[in-house]
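Participant: Before I ask anything, here is the structure I am working with.
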Amino acid sequence: MVQVKDIGVLGVGGFVPDRVRTNEEVAARAGVNAQWIAERTGVRRRHVAEPGQAASDLAVAAVRRALSAAGYGPDDLDLLVLATSTPDELGPSTACRVQAQLKASRAVAFDVSAACSGWLFGTSVAVNWLRAEGPGCLAAVVGVEAYSHFLNDTDRATASLFGDGAGATILGSVAPGAGFSRIELGSDGRHAGDVLIPAGGSRRPATAETLRNGQHLIHMDGKAVRDFILEIFPKLAHEALERSGLDASRIDAVVAHQPNPLLLRHACSQAGLDTDRLVIVGDDVGNIGAGSVPYALAAADADGRLHPGDRILIVGFGAGLTWGSTVLTWGTGEPERQP
């Protein structure tokens, strides 16, 4: 019988651009006040890419930090999976742009598109790929968004929430008992219109009219999204715990996509989880989409909140609609590199 390898996180890294957009700046354009944004969302600030700074640039910085934390270099990567809703261009994949900048010549590189659940979708692919490959293979999974290039600054529903940033993880073999439990994914395309960028694809190519009507910017039905999150979060949390044979008291940290801190805390409480164990980064970076979960992992690790053997409940959800969950047992191992 073939033994299934345990695959986990060997290193994490996060990156946000230097430029900060405060609630006061957002409020001035969106027709609200800064206090309204803070009280409704819990977001205090978000980071904004410079003109010409693309998703790939943010992703490269996050992957480099994750590689450094894991003690590896770009040449050690065998796989590079990038999750984003804001690619550098429609083609080629942004992952290939990142591969080129890193000079990760050995890596197979491709994108996944699952909105804010993207890192978890990419991680599922990478975990299964690593289990099928020889011993010692390494994968980078990075989630990144450059939302600021796609925002209507006068739309308070989106301008107050979305920011730019990236989070990356290096995956490989870990000690027995550590790593990812089963990753369960799902989607419901009937609600694809709840959050989307309507134009710029093959259904509605760019025209003067689509540009004039703001169809290349993010459109969101805030109420529909909120209802979805409050319904799906408790369900995902319960199912992940049940699959892992755990109860909520045995979870050391909760890392989830961060639409906004207030909504996330409410959803966590509804799921019967200890909100003190919830890792919150959205107050400082806003909603960074596919980057939210890995960025939160990197922040928790940097703050000393994660220890070997800790069980981390991971929950992702986003446009599509898409969702996923797993339990990650924190701990590293030294993969055997092939000569």
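The values are calculated or read from the model by the stated rules, or taken from the named source; none is laboratory data. Please read these numbers as outputs of a predicted model, since none were measured by experiment. Cβ placement follows ideal geometry from the backbone for every residue including glycine, while neighbour counts extend to all protein chains displayed. What goes into the accessible areas is simple: the full protein's heavy atoms, side chains included, and nothing from ligands, DNA or RNA. Shrake-Rupley method; radii C 1.70, N 1.55, O 1.52, S 1.80 Å.
Participant: Suppose every K and R has +1 on its Cβ and every D and E has -1 on its Cβ; what is the size of the dipole of the chain about the Cα centre, in Debye to the nearest 20?
Facilitator: Charge dipole, the chain, about its Cα centre: 280 debye, nearest 20.
Participant: Please state the relative contact order of the range 64-189 as a whole percent: Cα pairs under 8 Å, 6+ residues apart?
Facilitator: Answer for the range 64-189 is 27 percent.
Participant: Towards the positive end of the charge dipole of the range 45-193, with charges on Cβ (+1 Lys, Arg; -1 Asp, Glu), say which of Leu151, Val48, Ala168 has the farthest Cα.
Facilitator: So the residue we want is Ala168.
Participant: Which whole-number value in Å² is the accessible area per residue of the range 176-294, probe 1.4 Å?
Facilitator: Accessible surface, normalised per residue, equals 48 Å².
Participant: Once Lys and Arg get +1 and Asp and Glu get -1 on their Cβ, which of Gln270, Phe317, Leu297 lies farthest toward the positive end of the dipole of the range 185-339?
Facilitator: In the range 185-339, that residue is Phe317.
Participant: Would you calculate a helix-derived [θ] at 222 nm for the chain, using -39,500 (n - 2.57) for each DSSP H run of n ≥ 4 and dividing by the full residue count, to the nearest 500?
Facilitator: -10000 deg cm²/dmol
Participant: Enter the angle in degrees (range 0 to 90, nearest 10) between the Cα long axis of helix 222-244 and the first principal axis of the Cα atoms of the chain, meaning the one along which they spread out most.
Facilitator: Relative to the chain, helix 222-244 is tipped by roughly 10 degrees.
Participant: So, one more: What percent does the relative contact order of the chain come to when contacts are Cα pairs within less than 8 Å and at least six residues apart?
Facilitator: Normalised by residue count, the contact order of the chain is 26 percent.
Participant: Could I ask something else about it? Charges only on Cβ, +1 for Lys and Arg, -1 for Asp and Glu: so what's the dipole of the range 221-319 about the Cα centre, in debye to the nearest 20?
Facilitator: That gives the range 221-319 a dipole magnitude of about 140 debye.
Participant: Now for a different question. Evaluate the charge dipole of the range 76-173 about its Cα centre and quote only its size in Debye, nearest 20, assuming +1 on the Cβ of each Lys and Arg and -1 on the Cβ of each Asp and Glu.
Facilitator: Charge dipole, the range 76-173, about its Cα centre: 240 debye, nearest 20.
Participant: Same structure again: Residues with amide H under 5 Å of Ala256's amide H, sequence separation 5 or more or different chain, H placed in the peptide plane at 1.01 Å from N; which?
Facilitator: Val279, Val315
Participant: Note the angle between two axes, namely the Cα long axis of helix 118-132 and the longest principal axis of the Cα atoms of the chain, as a number of degrees from 0 to 90, rounded to the nearest 10.
Facilitator: 20 degrees
Participant: First compute the accessible area of the chain with a 1.4 Å probe, then give the percent of it belonging to carbon and sulfur atoms.
Facilitator: 49 percent
Participant: Take every Cα pair under 8 Å in the range 87-158 that's 6+ residues apart, average their separations, divide by the length, and report that relative contact order as a whole percent.
Facilitator: 20 percent
Participant: What is the spread of the Cα atoms of the range 169-310 along each of their three principal axes, largest first, in whole Å?
Facilitator: That gives 56, 31, 29 Å along the principal axes, largest extent first.
Participant: Right, here's the next one. Have a look at Leu211, Gly177, Ala237 and report the one farthest towards the positive end of the charge dipole of the range 167-260, computed about the Cα centre with Cβ charges (Lys/Arg +1, Asp/Glu -1).
Facilitator: Leu211
Participant: Looking only at the chain, where both bridge partners belong to it, what percent of the DSSP beta bridges are antiparallel (to the nearest 5)?
Facilitator: Given both bridge residues lie in the chain, the antiparallel proportion sits at roughly 70 percent.
Participant: Ok, one more. Can you give me the angle between helix 292-302 and the longest principal axis of the chain, using Cα atoms only, in degrees from 0 to 90, rounded to the nearest 10?
Facilitator: Between the helix axis and the principal axis of the chain, the angle is about 60 degrees.
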